[in-house]
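Structure first, then comments.
What follows draws every value from the coordinates through simple rules; no lab data is involved. Predicted model, so just to flag it, every value in this text is computed and none were measured. All Cβ positions, even for glycine, are placed from backbone atoms using ideal geometry, and neighbour counts span all protein chains on display.
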Amino acid sequence: MRWSKAFLVFRKDLSEVVRNWEVMAPMIILPVIITVLIPAMVTLVPDSMNGSNNANLMDTIFPNLPEADRNMLAGFPEAQQMIYIMLVYFFAPFFLIIPLMVSGVIASDSFAGEKERKTIEALLAAPLTDSELLMGKILASFAPAMGATLISFTLYTVMVDALTLGRFGFLLLPNLTWLVMILCLAPAASLLGIGATVIISSRVKGFREAQQLSALLVVPVLALLFGQASGFLIMGPATLLVLTVLVLVVDAALFGVGVSLFNREKILSQSH
Amino acid sequence: MESIVAEGLTKRFNGFTAVDSLSFTVEQGEIFGLLGPNGAGKTTTIRMLASLIQPTEGDAYVGGFSVRDDALRVREIIGILTENPSLYERLSALENLEFFAKAYGVGDPQTRDARIKELLQFFDLWDRRGDRAGTFSKGMKQKLALARALVHEPRTLYLDEPTSGLDPKSAKDIRDLMERLSQREGQTILLSTHRLEDAERLCDRVMIINHGGAVSVASPRELRQRATGAHVVRVGLREVTRPLSDAAEAAEGVKALDVRDGALFVTLTDEGYTPGLVRSIVDAGGSVMYVVPLEVSLEDAYLKVIGGE
């Protein structure tokens, strides 16, 4: 594979993506909601951390927290304990939605969108190999997804620390759990979004259809969210590393299928 | 020297035969036309010759490279104007050409920039080079797509309906360009078109295909002659009289004669009988004002070939 050709496709796709508001809007809106609105709501809205629902959440999550966290939180009032649990544990899975959704939206535009806009034939006629085309398009989905994830994580960290430093007297983030999630599980989740979208795009004709189907990928993330809320699964560094390995195994399987489905003949027959 | 050699090229889709055992050769510098009704297999043939899709049976060699085994090399040496302009509408004209120039290996920035400028100026798009392709008219998009096909100076060009959607002036410019590329620069052009006047004017030979198979391969002139099966001349006389038409009818090689519009329409078995025909009329006292060979149009010939298949 000639990397210069893969990067050529990557740069071309990226130039297209940044000029497409249908793609850029979810890339901007979703991170803003997660990184700014959620921490602001949790820390600034009076009494949002009180009430029977939160008490239930405390009862289910608190006993399953790592011992060090339980000891550290023991000296704080319950509302403050709740803020810590929400910001450090409960909302963590939302940061897997960003790489999944952003990579899914861009991959939908890159693979299904090219068919829909009938630009694929000239691209396939160019002297580029299947692997160069695929790698370029995968990079064009992966790089912005990880960029958005890292920027969102940085913003979230700054927001959370700025809003909570006065209450706690120390910085809540970053910690090892979050670093493992952002640097290991998020890239694996992004590849999951791309691999699934490559397969979906080989079966559908249009960008929107591919995007809608790839949005179903957030379902496993919601399962993680409910797993934490029920106290069944607390996302510590070890759990996240195990999840990363599992997701990477699924990624490998999805890419295996995706590459076998990247058939020029089928793509051309679907673009007319 | 042969630029394209097709040997039993066949393509089947789920049991449907789109192209059936096509065999033909195209010489270097030749403009070779592909004619046929919609669904005849023209685009599938071009796609196989561009190594975009694999033949089910047979093979073709472009510049000596097999479309089956050397797909990348084939794609490197051809330029293709696809059925749709296939432009990136969010990118500017310049960005579209830069991407494809790099994809086709035009690595040196100075050469690339000069080539792109030359093409955009030729197609009157230089002033709009920074505008998104999506803002262009259909004709401008067609020109930009043609510029993209030419950006790496390919030895062989596949053009699918190149003058489609163009105004008469632009269409003429494209036809002139094709002639220049073929005659002066020795580029081989495979032209798929519905515009028979384009085929007639430009093509050295045309292949009429229908139901995936070759119905006829010949020069446009040969096709017209085959369609009439004879040579027809219009003989203008100062005055048409019965003795003169009888003399003409009695001349050697005359198959049929018709008198209308103050002229004789004489069908000869061979054009070589024309001087004898004129002599017979003059000997009978006629004053010949003009002799014009009449041929059926390529369109008539095409319709006859397709209809009679």
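In degrees from 0 to 90, rounded to the nearest 10, what is the angle of the helix A:52-61 Cα long axis to the longest principal axis of chain A?
80
How long are the semi-axes of the equivalent ellipsoid of segment A:3-270, defined as square roots of 5 times the Cα gyration tensor eigenvalues? Whole Å, largest first.
Listed largest to smallest, the semi-axes of segment A:3-270 are 40, 17, 15 Å.
Excluding residues on the same chain fewer than 8 positions from B:LYS11, give the aspartates and glutamates whose Cα lies under 12 Å from its Cα.
Result set, ordered by chain and number: A:GLU265, B:ASP20, B:GLU57, B:ASP59.
Determine the shielding of peptide B:96-103 by partner chains: average, over its residues, the number of Cβ atoms on other chains within 10 angstrom of each Cβ.
Partner-chain Cβ atoms within 10 Å, mean over residues of B:96-103: 5.
Mind listing the long-range amide H neighbours of B:PHE13? Cut-off is under 5 Å, sequence gap 5 or more, other chains count too, H placed in the peptide plane at 1.01 Å from N.
B:ALA18
Compute log10 of I(q)/I(0) for segment B:2-218 with the Debye formula, placing one identical point scatterer on every Cα and leaving out solvent, at q = 0.12 Å⁻¹, to two decimals.
Per q value, in the given order, log10 I(q)/I(0) is -0.61.
Could you tell me the center-to-center distance, by alpha carbons, between segment B:12-39 and segment B:236-295 in angstrom?
42
Taking chain A as the reference, fit the longest principal axis to its C-alpha atoms, fit the long axis of helix A:237-261 to the helix C-alpha atoms, and give the angle between the two in degrees, 0 to 90, nearest 10.
10
How far apart, in nm, are the 7 Å Cα→Cβ label points at B:GLN110 and B:SER66?
About 4.1 nm, to one decimal.
Find the centroid of the Cα atoms in segment A:166-211 and in segment B:161-196, then give the distance between the two in whole Å.
Using only Cα atoms to place each centre, the spacing works out to 50 Å.
Relative contact order for segment B:225-297: what is it in percent, counting Cα pairs under 8 Å that are at least 6 residues apart?
This gives 46 percent for segment B:225-297.
What is the order of A:SER15, B:SER51, fewest Cβ neighbours within 10 Å to most?
A:SER15, B:SER51
Could you tell me the relative contact order of chain B? Use alpha-carbon pairs under 8 Å, at least six residues apart, and round to a whole percent.
19
What list of ³J(HN,Hα) couplings, whole Hz, do you get for segment B:186-195 from phi and the Karplus terms 6.51, -1.76, 1.60, once you set θ to phi - 60° and write x for glycine and proline?
Residue by residue, segment B:186-195 yields x, 7, 8, 10, 9, 10, 9, 8, 9, 7 Hz.
Going out from 0 in 10 Å bins, what whole percent of all Cα-Cα distances in the protein assembly as shown drops into each bin?
Percent of Cα pairs in each bin: 3, 14, 19, 17, 13, 11, 9, 6, 3, 2, 2, 1, 0, 0.
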